[in-house]
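Throughout, read-outs are computed from the coordinates displayed, never taken from laboratory work. Quantities reported herein were computed from a predicted structural model and do not represent experimental measurements. Here the Cβ positions follow ideal geometry from the backbone for every residue, glycine too, while neighbour counts run over all protein chains shown.
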Number of protein chains: 2
Amino acid sequence: MDKYLREEEPGVTERSGTAWGKSHDVIVHQSEPFNAESSLAVLVQQPVTSTEDFYVRNHGPVPELDPRLWRLSVDGMVDRPLEMSLEDLQNRFEHHEVVATLQCAGNRRSGLAKVHDIPGHPWGPGATSTATWTGARLTDVLAAAGAQNSAQHVAFEAPDVAPEATPPQRFGASIPIAKATGDEVLLAWGMNGRPLPAVHGAPVRAIVPGFIGARSVKWIDRVSVQADPSQNFFQSIAYRLLPPGIDPYSAPPGDGLALGPLTVNSAILAPDDGAVVPAGRTAVTGYALSGDDRGIARVDVSVDGGQSWLQAELDEPPSPWAWTPWRITLELPPGDVEITARAWDTSAAVQPEHEAHLWNPKGYFNNAWSRIHLTATERQGMSA
Amino acid sequence: MDKYLREEEPGVTERSGTAWGKSHDVIVHQSEPFNAESSLAVLVQQPVTSTEDFYVRNHGPVPELDPRLWRLSVDGMVDRPLEMSLEDLQNRFEHHEVVATLQCAGNRRSGLAKVHDIPGHPWGPGATSTATWTGARLTDVLAAAGAQNSAQHVAFEAPDVAPEATPPQRFGASIPIAKATGDEVLLAWGMNGRPLPAVHGAPVRAIVPGFIGARSVKWIDRVSVQADPSQNFFQSIAYRLLPPGIDPYSAPPGDGLALGPLTVNSAILAPDDGAVVPAGRTAVTGYALSGDDRGIARVDVSVDGGQSWLQAELDEPPSPWAWTPWRITLELPPGDVEITARAWDTSAAVQPEHEAHLWNPKGYFNNAWSRIHLTATERQGMSA
């Protein structure tokens, strides 16, 4: 397992905030490269996450780019290669807003790491946030460049260099052409009505709603239209789902599943895991999210470990590309209780039960049933 | 639970065959309406199932239609409504072949029925078969009719009337426009190179690969382009995924999830469940299948109840719209053993563990881990 440790070692997990404009509520997993998870207590209050509370997953140092010098090239299987400044991009293409949830492939890794060690940041369910993104549609840019009909993938590149990438290389990713030509995919320069901050990819990043966050490449400076997926380390080696017992760095490119769409998942955001609450009526709230264009059909909540289920009330998601907030009021008797949640998506996929059966060498896609433990105490003036 | 029994009572499950041209191997669940499941031993031998071995799920008597008198109407949100004979359909549109697996939403219901009673046929994993279908693309027919841009759904109707439908009505279904305009969806008149047999929908049926079999409407005579899903009993009432405790017939239309795409699933086809086999090297084979355009990424096999997994070898599926046959050779020591299989699809969805957690009032979408029990015996001339 030693070879797995080539990914950067997680730093001290602390609430520090203020670096890169983040609030004091974010949970910092690593200061350089900067990696921070949103506070569950803050997420639950906001259908759209404020920029200062939005999670950050970086692989290398933040490139602080001068927007006046930034250029985007569009090349590969196109009839008219483009090279554009930020002004060109903003002047030439219609502006669109998409409210989209991003989620790190390692979201909820901490649950898998309890089964068996996994290197990498021990993300809880807060590597997930929602923002309003403003930009040009990638499909409009591809049309302007004359993307050829035989193209199958669109690759992204950016100038950040991660220490973990072998051989040393810029960050990259790719998405299938069918996704790249969806109206929801943006080259975004705005986040929550303001210019994109440096830590989130200024001046321009890709936004690929419904896919793992790693495909929403920050600081993007190149779009390539291709016959094949990107050969970049972060597409062909990292971010693969592999069976236990396989070394993720020596398994040949093409082995395993290069991650694209997210899987159906949910989290209990409040109360906090481990909280002591008064017995009686208790509000439980969370989010549910699925991959690509799949919405949430149902969220089940259990107080008996999944023997029986209650139906949570679903809020309207802030957009078809965003999470579904949910809520339920439970009547808790005094004592210890485990609360379990699971979501079903509109393709009828449901979260599987146990993290033990989902463990994988890189700790991706933990979508096992969510569980918190509460202690309900007698309320003042009441007796059992 | 009595109200659930409005669905037709299952008849005697027997191997009879020869009715409707079926082989002696099919397992007949009901003779009228005719419902029969493919033999697992036969399925495993054929990447594409022969017509005589293909499963049949009918809701009412087979309408034996005169192909010379058959007409298809295309109406609703179209600029040019059509009415076509079979000759019109065959002469006006390009002919296409698609190898596609169909699967009944009730496939593997027998496993759920062991958890808690469910009315309806106790299908095993043999309500799944693959054929080569020949016909016109639905998208070409929709284009000829001038389907309007604001259309959201395409509904199908057929003359068969099921006793269970309330109020009495013809069979119907609908699919989203994005699916209906996919190249894989056919109005098919051919099956495995021969004219479609009556029991499979002659003269023409819809083929909707990757969706539950009920959306591949047989004996189709009407295609309607609509803003909303079909209000037909089989779209709005039956074939919904509902939580336990809900009466599926009184729950209002719109409640629950009207089933469309299949979920990721697999079956062990050989050896037979309960077989006695010689200890030592044992070949285990099966199929895996997911919904819509999702392929199979991986099949895991366990001999210790899921504590550890081996990787099955995947055959190339006969088409992107067909199942993935898989195989593995296990070394079995003498004694009783449970063999477990689970599939992952290309969206990283995996089969959930337990049927107990998937039980639903109509018994749909059992995609829990597949399990068989074997007894491995000492081989002649060997001692322990």
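The table that follows gives values for the structure above.
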{"quantity": "Among A:G124, B:A136, B:P229 the positive-end extreme of the charge dipole of the protein assembly as shown (Cβ point charges)", "calculated": "B:A136"}
{"quantity": "Mean separation of Cα contacts under 8 Å (6+ apart) over length of segment A:273-384, as relative contact order %", "calculated": "34"}
{"quantity": "Inter-site label distance for A:R194 and B:T18 at 7 Å from Cα along Cβ, in nm", "calculated": "8.1"}
{"quantity": "Estimated 222 nm signal from helices in the protein assembly as shown, with DSSP H stretches of n ≥ 4 weighted -39500 (n - 2.57), rounded to 500", "calculated": "-2000 deg cm²/dmol"}
{"quantity": "GNM flexibility winner over chain A from A:V74, A:V56, A:V303 (Cα, springs under 10 Å)", "calculated": "A:V303"}
{"quantity": "Peptide-level mean, for A:251-257, of C-beta atoms on other protein chains within 10 Å", "calculated": "1"}
{"quantity": "Chain A: relative contact order in percent, alpha carbon pairs under 8 Å with at least 6 residues between", "calculated": "17"}
{"quantity": "Inter-label distance for A:H354 and B:E338, nm, one decimal - labels placed 7 Å from Cα along Cα-to-Cβ", "calculated": "1.0"}
{"quantity": "Cβ-based exposure ranking for B:L186, A:L82, A:L187, in which fewest neighbours within 10 Å come first", "calculated": "A:L82, A:L187, B:L186"}
{"quantity": "Teacher prompt: A:H96 distances to equivalent labels in other copies, 7 Å Cα→Cβ, nm", "calculated": "2.5"}
{"quantity": "Hits among lysines - C-alpha to C-alpha of B:K362 under 29 Å, sequence gap 8 or more where chains match", "calculated": "B:K3, B:K22, B:K114, B:K179, B:K218"}
{"quantity": "5 angstrom amide H check on B:A147, placed H, neighbours 5+ away", "calculated": "B:D79"}
{"quantity": "Copy-to-copy label separations for B:D75, where each label sits 7 Å from Cα toward Cβ, in nm and ascending", "calculated": "5.8"}
{"quantity": "Highest-MSF residue in chain B out of B:R109, B:R371, B:R281 [GNM, Cα springs under 10 Å]", "calculated": "B:R281"}
{"quantity": "Using distinct alpha-carbon pairs, which all enter the 1/r mean, Kirkwood radius of the protein assembly as shown in Å", "calculated": "27.7"}
{"quantity": "Cα centroid of segment B:159-210 to Cα centroid of segment A:39-64, whole Å", "calculated": "48"}
{"quantity": "Shielding by partners, peptide A:351-359 (average Cβ within 10 angstrom, other chains)", "calculated": "4"}
{"quantity": "Rough spin-label spacing in nm, given labels placed 7 Å along Cα→Cβ, for B:S73 and A:Q311", "calculated": "3.6"}
{"quantity": "Teacher prompt: A:P333 distances to equivalent labels in other copies, 7 Å Cα→Cβ, nm", "calculated": "4.4"}
{"quantity": "Cβ-defined net charge surrounding A:Q226, 13 Å radius [Lys, Arg +1; Asp, Glu -1]", "calculated": "-2"}
{"quantity": "B:D66-B:Q231 FRET efficiency (beta carbon distance; Förster radius 41 Å; 0.05 resolution)", "calculated": "0.90"}
{"quantity": "Burial ranking of peptide ranges A:202-210, B:247-255 (average Cβ count within 10 Å, highest at the top)", "calculated": "A:202-210, B:247-255"}
